[in-house]
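Bear in mind these aren't lab numbers, they're just calculated from the coordinates by the rules spelled out. Please read these numbers as outputs of a predicted model, since none were measured by experiment. Positions of Cβ are backbone-derived with ideal geometry, glycine not excepted, and every protein chain shown enters the neighbour counts.
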Amino acid sequence: MPVLVVANPKGGAGKSTLATQIAGYWARRGHRVMLGDADRQQSSRLWLSLRGRQLPEIAGWKVGPDEVARPPQGTTHAVIDTPAGLHGRRLSAVLQAADHLLVPVQASVFDIYAAQDFLDRVAGERKLQRLRIGLVGMRVDERTRAAEQLREFLQGLPYPLLAMLRPTTNYAHMAAHGLTLWDLRDAQAERDLQQWQGIVDWADAA
């Protein structure tokens, strides 16, 4: 069973957006998905409560303070949303349960340095060296110098850059209704779905 963790030490990096969208993608593909929320703000849990019953089901997953409970039998895919500042024993517990680690990074020097430090810590833990790590640029305006610098930074890391997602209010609107791109009409989501192709291909890979 693939377990995908979305993590970054910075708050507001876009972790809950990635976690909920991937859970929704897998659910739309017919998988039995669980979404865990290790963040005190419980943004992903709130998103689940707003999701309509007519949409593909996503179950909640209990993530304790120091360990990740096993999902119920029959679950085929799991996603864990994590809080800002996750470190130490709790970081190790969450990541040891994972197969995939997805790291969102925004185009600011503070986010870049925080991401570099986080990835260095992950790389330094032997138990985590089996993780498949992917990178996503978040809220990126490709016309800016900051976007160029972010791309240069991410492409210089030894992990694949999966996407550079544009700044759009679509994600806020979807979050308010428990929706994902795969719950919308193609015409509404076409541009964003194209940007997401690299992420979902990576998430689906064995």
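At a glance:
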| read-out | value |
| --- | --- |
| Two-decimal log10 I(q)/I(0) for the stretch 3-201, as the Debye equation yields it once each C-alpha is a single scatterer, q = 0.09, 0.12, 0.14, 0.18 Å⁻¹ | -0.31, -0.56, -0.78, -1.32 |
| Burial order of peptide ranges 114-121, 89-96, 6-13 (average beta-carbon count within 10 Å, highest first) | 6-13, 89-96, 114-121 |
| J(HN,Hα) series, the stretch 153-161, from Karplus relation 6.51 cos²θ - 1.76 cosθ + 1.60, nearest Hz, glycine and proline x | 5, 5, 6, x, 8, x, 9, x, 8 |
| Inter-label distance for Thr75 and Ala176, nm, one decimal - labels placed 7 Å from Cα along Cα-to-Cβ | 3.1 nm |
| Per-selection Kirkwood Rh - the stretch 133-183 (Cα, Å, 1 d.p.) | 12.3 Å |
| Using a Förster distance of 25 Å, the FRET efficiency for Gln54-Asp204 (Cβ separation, nearest 0.05) | 0.50 |
| Contour excess over end-to-end distance, with Cα ends at Leu184 and Asp120 and 0.36 nm allotted per residue | 19.3 nm |
| Trypsin sites (Lys or Arg not before Pro) lying in DSSP loop within the stretch 143-201, provided at most 10 other Cβ fall within 10 Å | Arg143, Arg185 |
| Value at 222 nm in deg cm²/dmol, rounded to 500, when DSSP H runs of n ≥ 4 in the chain each add -39,500 (n - 2.57) | -12000 deg cm²/dmol |
| Overall dimensions of the stretch 10-63 as given by Cα atoms, namely Rg and Dmax in Å | 10.9, 34 |
| The chain - share of DSSP beta bridges that are antiparallel (%, nearest 5) | 5 percent |
| Projected area, mean over directions - the stretch 70-118, Cα convex hull, nm² | 4.2 nm² |
| Potential extension, Leu193-Arg151 segment - 0.36 nm per residue separation minus Cα distance | 13.1 nm |
| Paramagnetic reach from Ala84 in the stretch 105-126 [backbone N under 18 Å; point 7 Å along Cα→Cβ] | 105-119 |
| Mean projection area, nm², convex hull over Cα of the stretch 113-206 | 7.6 nm² |
